[in-house]
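This report concerns only the one structure given below.
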C-alpha cells in the first residue's frame, strides 16, 4: 500500500535529538510495510543511534548526510542564511527534488516554515502558509489554523486559511463539505475586530460551508469541523489549552496520592485515567501541517517522544495518500477563478 | 466590619433573572453581618421573589425600583440610548451618587462596560478600562486582563492594563510587588506582534515587577501573578480554557458511567472528583473587575447561580475594603508623573 511513498525526516531536530526520530522511524516502518524513510543528519551519529537500537539501514531506511543542525532558538533568518547544509534544509530539499513526498521535523517551527517556504515555495495564490492541527472535542476532533505562523492576519489571510483548512479536513477525513467557523469573542454580528468581521463577509459569500462565529469553548465543544483564527490568537489558545489540561492532570495525580484510601481509589479508577490519557494525550494529536506550500511539511512537537513523532510521520503518509497539496491547489484555483469572475 | 459598606445589585441581569440575584444577596448577608445590599429592578417582581424565598426587605436589604432591563444581546449603544431606567444603569447611578460603593451585575458585558464608563467615567490617564479576573494555577491563582473589553489594544493600552492589574493584585492579595508577564506566542525576544514587543519595552522601563513574556500554558503553570493581553486574545484564551475543562469533565463523567465497575470506582473516587470540582469550579472564580473606572464595577458570569453570584458580591466587598480604585488612581498618577519627568 505504501510501496511508492518516501518521507524524509529531519533526524537532528527537536528537544531530544536523533534517538527519538530513529526510534520513531523504526516503529513507523513496522506499521507501514513498504514505506521508505530517509534519516537526514549527521551520518556517524545516525549510524551509531541505529546500532544502539539494534537496527541498521535497509532498503526502507536510509541515511542522508547533513553536516549542520538548526538550533531550537535560532532565528529563522539566520537558519536560512547560515545553515544551508542543516538536516532540516537538506530534508526539505529532498522533497523539492522529488526524492521524498513529504518531510517531517520536530525542529524550530519558525525556521521550518521559513526554509520550507524558501525552498518549496507557496502554492499559487497563497500569501501566507499556515500551521494547522487537529484538537480533540467532546465528539471527535476539529481542525484549527493558524497556530502561530502568522501574526496580524488580514481578513484575506483568514479567508485563505479557511480555504486551506477546509480542503485539508475534507481530504483527510473524506468529508465532502466540512463546516467552517471563525474564532471570535462572541457569536453576535457586532463583536470582534475588523479583520474578523471582514473575513466573515468573505466567508459568507464563498462556497465554503461557513457556519459563522465560534467562541473559544466552541472549539472543544465541536461547533465546527474547521476553526480559523490569526496565528497569535491560535497559538495562545493552543498553549493555554495545554496549560489547563496539564494543570488538571497534575491536580488529579496529586489528589490520588494524598492517602492510602485515595491511592486505592486511584488504582480502581486506573482504566478511566488511562482512557483519559489516551483520549487527550497530546502525542495522539502530534503532527501539525504547514499548509499552503508546494509540498507536504509536517511539524512535530519539539518535545515529542517516539510514539508522538511516529504519529507525525503517519500524518505525512495520510496527506501523501490523499494528495493534499494538489487538492488545496485545485480548490484555491477554483476560488480565485470564481473571485475573478465575480 | 462591613458596617459602612453598601453594594447595589443589578437584580434583573443575567441568564437566570432576579431569583439568582436575590438568593445570592440573602446568602451574602449571612456571610457579612452589617453589609447593606440594594436590589435594583422591578419592584413588584423583586418583592415577589423575596416572598417566594421566605425573605423580606430589611435595613440591610432594600429594593430600588427600575422599570427597564438591558437585553443580554442588546447593543451597548442601544442600551445607553434607550435604557436610561434599566436595572443596570440605575444600579450604576447609585455608585455615582455615593449611595453604594460598588455595583455587581450579571448582565450584558458590553452594555455594562459602556454604561459604567459613561456614568462613572474613567480614572485620570486611563484610555481604556479593562476586564480582569483571577484564574486557577497549579500553585494558586493569577490575575489576567484584558478579557474582552478591548480589541486591537496598542502597546500603551497593554501597559495601562499592566499597571491596573498589578495594583489590583497588590491590593487584593496584600502583595507588595506582584510579578507581571506579557502574554506572547514564545518567550524569545523576536516573537510576537509589534504591539506586544513595544509593550515589553514600556514594561521593562517601568517600576513594575515585569518578568517578560509568558506563553498560554504559563498562565496555568503560575509563571506570573498578573498576565496582560489584548481583549480579543484574552477572551479566546478564557473561553477555550473553559471549553477544555468542560470537555475533560464531561469525558470523566461518561467514563465513570460506562459500567458497574467504573461506577463503583467513581463512587470511591468521589472525594477526589469533589476536590477537583471545588478547585476548578468556575463559580469559585466568578466576579471579574472592570478596572480603570471611577468606581468598583464587578461583572458576574451571565450564567452564574446564587453561589457564584455571591462570590462576585464578595469580590466587590473586598475591593471596597482595599480601596482599589483610589490605589489604581494613585499608581497611575505616580507613573504618569514619572513618565513626564523622563
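Can you confirm whether residue B:237 is over 16 Å from residue A:275 (Cα atoms) and crowded, with 20+ Cβ neighbours inside 10 Å? Answer is yes for this residue.
Answer yes if at least one residue in the range A:64-82 is surrounded by fewer than 21 Cβ atoms within 10 Å (Cβ to Cβ) and closer than 15 Å to residue A:7 by Cβ, and no otherwise. Yes, the range A:64-82 has at least one match. Within the range B:252-263, being part of a helix (DSSP H, G or I), over 36 Å from the mean Cα position of the chain (by Cα) and more than 7 Å from chain A (Cβ to nearest Cβ) holds for B:260, B:261, B:263.
For the range A:193-208, filtered to residues that are touching a strand residue (DSSP E or B) at 6+ places or on another chain (Cβ under 7 Å) and buried (at least 19 other Cβ atoms within 10 Å of the Cβ), the residue that is farthest from the other protein chains (Cβ to nearest Cβ) is A:208.
Which count do you get for residues in the range A:214-234 that are more than 8 Å from chain B (Cβ to nearest Cβ) and surrounded by 22 or more Cβ atoms within 10 Å (Cβ to Cβ)? Break it down stepwise before answering.
First pass over the range A:214-234, keeping only residues more than 8 Å from chain B (Cβ to nearest Cβ): A:214, A:222-228, A:230, A:234.
If we keep only those that are surrounded by 22 or more Cβ atoms within 10 Å (Cβ to Cβ) too, we end up with A:214, A:224-228, A:230, A:234.
Residues flagged as more than 8 Å from chain B (Cβ to nearest Cβ) and surrounded by 22 or more Cβ atoms within 10 Å (Cβ to Cβ) within the range A:214-234 amount to 8.
For the range B:264-279, name all the residues that are within 19 Å of the chain's Cα centre (by Cα) and surrounded by 19 or more Cβ atoms within 10 Å (Cβ to Cβ). Matches in the range B:264-279: none. Considering only residues in the range B:127-148 that are assigned to a loop (DSSP other than H, G, I, E, B) and crowded, with 22+ Cβ neighbours inside 10 Å, the one that is farthest from the other protein chains (Cβ to nearest Cβ) turns out to be B:129.
Every number here is computed from the coordinates shown, using simple stated rules; none is lab data. Bear in mind the structure is a predicted one, so any value in this text is a computation, not a measurement. Note that we place each Cβ from the backbone using ideal geometry, even for glycine, and neighbour counts take in every protein chain shown.
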